[in-house]
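As structure tokens, the structure follows; a few thoughts come after it.
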Amino acid sequence: MEIGEKDKPERKILGISWNVFLLGIVSFLNDMSSEMIAPIMPSYLIEVLDAGKLLSGSVMGAIESMSSLFKVAFGYVSDRFRKRKAFVFAGYALSTLAKGALAFTRYWWDFLSLRALDRIGKGIRTAPRDALIAESTEKGKTGKSFGFHRMMDTLGAVAGPLVAIAIIELLRGLPKETMYRYVFLLSAIPGLLSLFVIILFVKDRGSEVKKKIKGISTLRSRNLQLFLAVVAVGALGRYSYAFTMWKAQELGYTVVQSIAFYALFNLIYALSAYPIGTYSDSFGKKRIIAIGFGVAALASLAFAYARNLPTLIGAFVLYGIYIAIEDTIPRAYMADLAREYEKGTIIGAYHTVFGVFVFPASVIAGWLWQSYSLTHAFLFASLMNFVALGLMALVRE
């Protein structure tokens, strides 16, 4: 094996590599773009595109799930070529184009088509980007690096809704549909800035493996397969964020007020991800993941029975902590388990399993909402997370 770029000393900032820091900036800008439009999409579907409850829940679930179908494939391809940056750039570029084009949608199906394009972009970039983060991190510090990345990503998610609120307030005299379309169009600006950062500053860090790869893939490990099965069960309890927005509106809060709740959730997520990721390196990633399922179950119960402001705020806080754990630690856990030559494939496998089961989660939640109530949807999610928590006891450290 020849010495690759990863073996060269790399500049550090805030205790992490310069490459991880830059990828954090990229995710901050891209998530600002995404979260400018995320809180208004549930209302846009119902009020502007006139989609029903079951259809809206299914569309939002399909959007959440779609990107994951591509993650293992592009993770594998990036492993083969040992080049991550091209896939990262292509994925972010496709998403930026799709988000801006939402301004011109007229029907639920063209909305879904563009959201699908956005999610395909996410599917192209996610596993190669996560592999690049792992390759840019010294051994034993993956939790810290992924925690920092998720923190930056989510700070963008805090800024995005606030920018959306500012735009809506500035355009208050215009019809609601017109305001929404302006937000969609303006969301492309931070996305374009993130592309310049990738082109000019981010570097590939993959080792240049010259020898023929032999041996059994980490995917053949029964412990890893069991963990992925637990991930699938937990994903059935991972309803789209849109259901939390609909819950706030069901309690009488306006669209702008529900966006503020969403910003609170993202703030809690951002403040939690980095310390939780850093702590997981010493405490144990499996234990943190199990705790995450418990917090998820409690968050769903809080949403189910929320009838006043304090309970609703508590639900959003718990939801933020849960997502901070489950969007951060499993990635670092998979990166630790994977061999050097297959990090993109292994991380992609996690994303794919998760994404496949996220779609039926939102379909089931939408059906329970339409047939019974939102309370039933959240109770089902709580049950699935309690089951996942119990199954984590079978997974070895």
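The values are calculated or read from the model by the stated rules, or taken from the named source; none is laboratory data. What you see is a predicted model; the values in this text were computed from it and never measured. Here Cβ is always computed from backbone atoms with ideal geometry, including for glycine, and neighbour counts include all displayed protein chains.
Values as computed for the structure displayed
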| item | result |
| --- | --- |
| Candidate set from region 363-376 (those that are of a type in the set (S, T, N, Q) and free of Cβ contacts under 8 Å to residues at least 60 places away in the same chain); member that is surrounded by the fewest Cβ atoms within 10 Å (Cβ to Cβ) | 371 |
| Residue ID - nearest to the chain's Cα centre (by Cα), chosen from residues in region 356-376 that are polar (S, T, N, Q) and assigned to a helix (DSSP H, G or I) | 362 |
| Tally, over region 339-397, of residues that are of a type in the set (S, T, N, Q) and under 20 Å from residue 329 (Cβ atoms) | 3 |
| Failed item in (1) modelled with pLDDT of 85 or more; (2) under 24 Å from residue 259 (Cβ atoms); (3) part of a helix (DSSP H, G or I), with residue 353 passing the rest | (2) |
| Among (1) closer than 30 Å to residue 14 by Cα; (2) surrounded by 19 or more Cβ atoms within 10 Å (Cβ to Cβ); (3) of a type in the set (A, V, I, L, M, F, W, C) - the single one residue 183 does not satisfy | (1) |
| Failed item, numbered, when residue 200 is tested on (1) over 19 Å from the mean Cα position of the chain (by Cα); (2) modelled with pLDDT under 90; (3) within 30 Å of residue 94 (Cα to Cα); (4) surrounded by fewer than 23 Cβ atoms within 10 Å (Cβ to Cβ) | (2) |
| Of residues in region 17-58 being over 25 Å from residue 127 (Cβ atoms) and outside any helix (DSSP H, G or I), the one modelled with the highest pLDDT | 49 |
| Pick from region 91-109, criterion more than 18 Å from the chain's Cα centre (by Cα) and at pLDDT 85 or above, ranking: surrounded by the most Cβ atoms within 10 Å (Cβ to Cβ) | 102 |
| Residue pairs meeting the criteria (Cβ under 6 Å; at least 6 apart or on separate chains; first crowded, with 16+ Cβ neighbours inside 10 Å, in region 250-265; second small (Gly, Ala, Ser) and at pLDDT 85 or above) | 258/248; 261/248; 265/320 |
| Matching entry among 394, 309, 389, 379 (being within 21 Å of the chain's Cα centre (by Cα), aliphatic (A, V, I, L, M) and surrounded by fewer than 23 Cβ atoms within 10 Å (Cβ to Cβ)) | 389 |
| So residue 129, is it closer than 30 Å to residue 338 by Cβ and of a type in the set (D, E, K, R) | yes |
| Search result, residues across region 93-131 that are in contact with a Lys or Arg (Cβ under 6 Å, 6 or more places away or on another chain) and more than 16 Å from residue 351 (Cβ to Cβ) | 103 |
| Single match in 104, 87 (criterion: at negative phi and in contact (Cβ under 8 Å) with a residue 60 or more places away in the chain) | 104 |
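Listed here are the residues, each with its yes/no results for (1) among the small types (Gly, Ala, Ser); (2) crowded, with 24+ Cβ neighbours inside 10 Å.
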residue	(1), (2)
140	yes, no
146	no, yes
150	no, yes
154	no, yes
161	no, yes
164	yes, yes
173	yes, no
178	no, no
187	yes, yes
